[in-house]
Amino acid sequence: MGNSKFSNIQLDVYNRFTESVSAYQIKSSKTKYYLSQGQGAPEHIHPDYLHKGKKHMNHGQRIPYQSKVVKESPEKYHALMSTLKDVCQVVSDVIKKHLPDLHAQISIFCDILPLNDRPTTHPFPGCVINLQVATEGHLDSGDDTICVVIPFGDFEGGELVLSDAGLMINLQEGDVFIFPSFRLTHFNMHFTGVRGSLVMHSDKDGKRWVKDRNGWQFHMATLVS
């Protein structure tokens, strides 16, 4: 592998979100409500008046929220997303043409985000940029359906291995590779030169938002149809 330091830039537009909550109670009351997300919360009481014992609660986690790197470096993030806009659009068009059902399935989460926000990586909620990384074999258990890998740079080697399928794919700069990252164990081989990859991924936790807005769909603070 090259001598450059390994690094990974996590650019998820939205975190795998919403902490599991339990033993909530109304402020200034001894009545406790045992909740899973928003399920079971009293509908006539605003969520901001529910808390977990005496612990501080981040009420912003009831809804999808932007990841830390986006909030801390918004100008850099928007500049990068502007650069990737055309690439992301090509990926979206390819998936919509060849995998229309999956495109529709993945898009639902991004299409109902708060304030009608629309990630540049649509239909995916976010992306990761790997720089000088050779991974060990792994499954992306947090991914929902498929992910997209696009390598870039001046390198030799770095083949993508799908060990369960017995495949080693020699991806070159600009290739678009789509596969179920949660189902197939994968890693990339060692390489020489400078190698990076853009990875766009689906998010299993997004299902909770799609299903019932994390349990708050019919609450007085949400009222989402």
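Values in this text are rule-based calculations from the coordinates and carry no lab data. Computed from a predicted model, the values in this text were never measured in an experiment. When we count neighbours, we look across all protein chains shown, and the Cβ atoms used for this are built from the backbone with ideal geometry, even at glycine.
Brief remarks follow.
- For residue 126, the amide hydrogen comes within under 5 Å of the amide hydrogens of 13, 201, counting only partners 5 or more places away or on other chains and with H modelled in the peptide plane.
- Order of 194, 70 under a 10 Å beta carbon neighbour criterion, fewest first: 194, 70
- Cross-link table 71/96; 96/207; 68/97; 68/96; 76/96; 96/204, entries beyond 25 Å C-alpha to C-alpha: 71/96; 68/97; 68/96; 76/96
- Sites residue 189 and residue 93 - FRET efficiency at Förster radius 35 Å, r taken between beta-carbons, to 0.05: 0.70
- One chain, two ends: residue 211 and residue 108. Fully extended at 0.36 nm per residue, the span grows by 36.1 nm beyond their Cα-Cα distance.
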